[in-house]
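The values are calculated or read from the model by the stated rules, or taken from the named source; none is laboratory data. Worth saying up front: this structure is predicted, and the values here are computed from it rather than measured. Here the Cβ positions follow ideal geometry from the backbone for every residue, glycine too, while neighbour counts run over all protein chains shown. Note: accessible area is taken over every heavy atom of the protein model, side chains too, but ligands, DNA and RNA are not part of it. Shrake-Rupley method; radii C 1.70, N 1.55, O 1.52, S 1.80 Å.
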Amino acid sequence: SIVTNTDLTDLQWIQASLPVRNGGLGIRRVSSLASSAFLASAAGTRDLQTIILRRCNTPTDLAVQQMLDFWMKKYNEVGAGCPVGDDMKKQRSWDKACVSTDIIKLMANLPDRRSQARYHAVAAAHSGDWLHALPVSSCGLRLDDEAIRIAVGLRLGTKLCEPHVCPCGSNVDPQGTHGLACRRSAGRTMRHHALNDLVWRALGRADIPAIKEPAGLLRSDGKRPDGLTQIPWQGGRCMTWDVTVADTLAESYLATTSTEAGAAAEGAASRKEAKYQAITGTYSFVPLAFETMGPINTKGISFFKELGSRLTASTGDKRETAFLFQRISTAIQRFNAICFHGSFPQQADSDS
C-alpha cells in the first residue's frame, strides 16, 4: 500500500494477495502459502529421503502428517481433495484450495453489482497482463507511478480521489471511474487511436502491410473501419478490423458484466459485426473490443494469438504473443489514468 499510495481494506488485501490470473496483484501471503510449500516440498523430496535414510532407524516424519491434517481440515469446506501422483510435488496443486477459499470469501463480501463486475473483469484472461510486463519504455510497457496507482486502485476498487464534479456536470465518486467513459474526456479518443496504432504496428512487424481507415470501404452508416490488411489474412481474404472500448462499469452494462466477465466487450463486438455486415462477403472482419477493466472479446483474443504467432515466425522470438498482450494491457491502463484525470476541472494558470 505504501508503494501504490493506496489505503487497502481487509477485503482488498485478500484480493491483492490472489494470483494475477485470479484478479489479484500476485502479492501472496506467507500464511496462505506455508502449508502448500511445505507439503509440495515433502512430496517432492520423499524418494530422496527414503534413499538417504533407508539404513537408518528413522521414525516417520510426524510434521508432514500434522500439516496434511491441518490442510485437509482447513480446505475440505471448498471441496478440495488432496493432490495425487506427480501433482503432490507441485505447490500450485496444493495452493488451488487456498486460492479458491479466498475467492469464495471475497465474492461473498462484494457489496454491489459494480464490485462484482469489477472483480469478474479483472480476473478475466489477459486483464492483468500489465502486471507481468517489464517497464521498458521503448516497448510501450512502462507505466509511471500515478498510472500504476490508478491501475491498482481500479483493480482493487479502492478510493482514488475525493468526490467532485466532472467538467461535464456529472458527479464523480471516490473510485473515480466516471472518467473512463465520460464523453467529454479527451482520453477516450486518444485511447482508441493508441490501440488502433498498436494493432497496425504489430501487423507491420509481422510483415503484413496494412493501412488505417481505408478509403472506399464503408460500413452501413457510412463510416470506415479502422484498418485493412493489403494482403490476404486468411482464406484468401484481406482482413479489416475496427477497435472499440466499452466501460465495464457503465450502468447499461452492469446487468451482464456483474455476472459474466467480458460481457460488455462481447456485446460491443456483436454491434460492430452488425454494422459491417455489408462487407463481410468480400473481407474478413474482426471486431477488436476491449473493456476499461481489461477483458477482450473472444474473437479479438483469437486474432491477437494468431498475430502473435505470425510475429514469432517473423522475428523468431517465442515471447511475441505475451509481449503483444502486455502492450495492449499496458495501453489500456495508461489511458485509464488519462481518462481519470480528465474528470477533474482544469486549473487556470495564475500570474502570481
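Miscellaneous remarks
- Residues of segment 239-255 classified as open to solvent by 30 Å² or more (accessible area, probe 1.4 Å), assigned to a loop (DSSP other than H, G, I, E, B) and not polar (S, T, N, Q), total: 2
- Listed by first and then second residue, the pairs linking a residue in segment 216-227 that is in a loop (DSSP other than H, G, I, E, B) to a residue that is at pLDDT 70 or above and of a type in the set (Asp, Glu), with Cβ atoms under 7 Å apart and 6 or more places separating them unless they lie on different chains, are ARG224/GLU213; PRO225/ASP242; ASP226/GLU213; ASP226/ASP242.
- Checked against (1) without any contact (Cβ under 8 Å) to a residue 60 or more places away in the chain; (2) in contact with a Gly (Cβ under 7 Å, 6 or more places away or on another chain); (3) closer than 15 Å to ASN297 by Cβ, VAL199 passes all but condition (1).
- Scanning segment 157-173 for residues that are out of contact with any His (no Cβ under 7 Å at 6 or more places or on another chain) and open to solvent by less than 40 Å² (accessible area, probe 1.4 Å) gives GLY157, THR158, LEU160, CYS161, HIS164.
- Residue check for SER137: loosely packed, with under 15 Cβ neighbours inside 10 Å and of a type in the set (Gly, Ala, Ser): yes
- Hey, GLY342 within 30 Å of GLY169 (Cβ to Cβ) and open to solvent by 10 Å² or more (accessible area, probe 1.4 Å) or not: yes
- VAL172 vs. criteria farther than 29 Å from GLY308 by Cβ and touching a strand residue (DSSP E or B) at 6+ places or on another chain (Cβ under 9 Å): yes
- Taking every residue in segment 251-274 that is of a type in the set (Phe, Trp, Tyr) and pairing it with any residue that is buried (at least 21 other Cβ atoms within 10 Å of the Cβ), at least 6 positions away or on another chain, the pairs with Cβ-Cβ distances below 6 Å are TYR253/ALA264.
- Some residue of segment 52-66 being within 30 Å of SER329 (Cβ to Cβ) and among the charged types (D, E, K, R): no
- Odd one out for THR259 among (1) part of a helix (DSSP H, G or I); (2) among the hydroxyl-bearing types (Ser, Thr, Tyr); (3) farther than 29 Å from ARG224 by Cβ: (1)
- Segment 101-133: number of residues that are more than 12 Å from the chain's Cα centre (by Cα) and open to solvent by 50 Å² or more (accessible area, probe 1.4 Å): 10
Condition check ((1) part of a helix (DSSP H, G or I); (2) charged (D, E, K, R); (3) closer than 22 Å to ARG21 by Cα; (4) modelled with pLDDT of 95 or more) across all residues:
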{"position": "TYR119", "(1), (2), (3), (4)": "yes, no, yes, yes"}
{"position": "SER127", "(1), (2), (3), (4)": "no, no, yes, yes"}
{"position": "TRP130", "(1), (2), (3), (4)": "yes, no, yes, yes"}
{"position": "GLY169", "(1), (2), (3), (4)": "no, no, no, no"}
{"position": "GLY187", "(1), (2), (3), (4)": "yes, no, no, no"}
{"position": "LEU195", "(1), (2), (3), (4)": "yes, no, no, yes"}
{"position": "TRP200", "(1), (2), (3), (4)": "yes, no, no, yes"}
{"position": "ASP207", "(1), (2), (3), (4)": "no, yes, no, yes"}
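- Any helices (runs of 4 or more DSSP H) falling wholly within segment 1-106 and containing at least 1 residues that are out of contact with any helix residue (DSSP H, G or I) (no Cβ under 7 Å at 6 or more places or on another chain), among the β-branched types (Val, Ile, Thr) and farther than 19 Å from GLY157 by Cβ: 30-44, 46-53
- Hits in segment 308-330 - residues which are of a type in the set (D, E, K, R) and either in contact with a helix residue (DSSP H, G or I) (Cβ under 7 Å, 6 or more places away or on another chain) or open to solvent by less than 50 Å² (accessible area, probe 1.4 Å) (or both): ASP317, LYS318, GLU320, ARG327
- Test: residue in segment 262-277 that is under 24 Å from ALA151 (Cβ atoms), touching a Phe, Trp or Tyr at 6+ places or on another chain (Cβ under 9 Å) and of a type in the set (S, T, N, Q): no
- Test for THR298: is it under 22 Å from the mean Cα position of the chain (by Cα), of a type outside the set (Phe, Trp, Tyr) and crowded, with 22+ Cβ neighbours inside 10 Å: no
- Looking across segment 194-221, the residues that are of a type outside the set (A, V, I, L, M) and more than 24 Å from ALA278 (Cα to Cα) come down to ASP197, ARG201, GLY204, ARG205, ASP207.
- Per-region count, segment 29-63, residues within 30 Å of LEU110 (Cβ to Cβ) and either buried (at least 18 other Cβ atoms within 10 Å of the Cβ) or touching a residue at least 12 places away in the same chain (Cβ under 8 Å) (or both): 6
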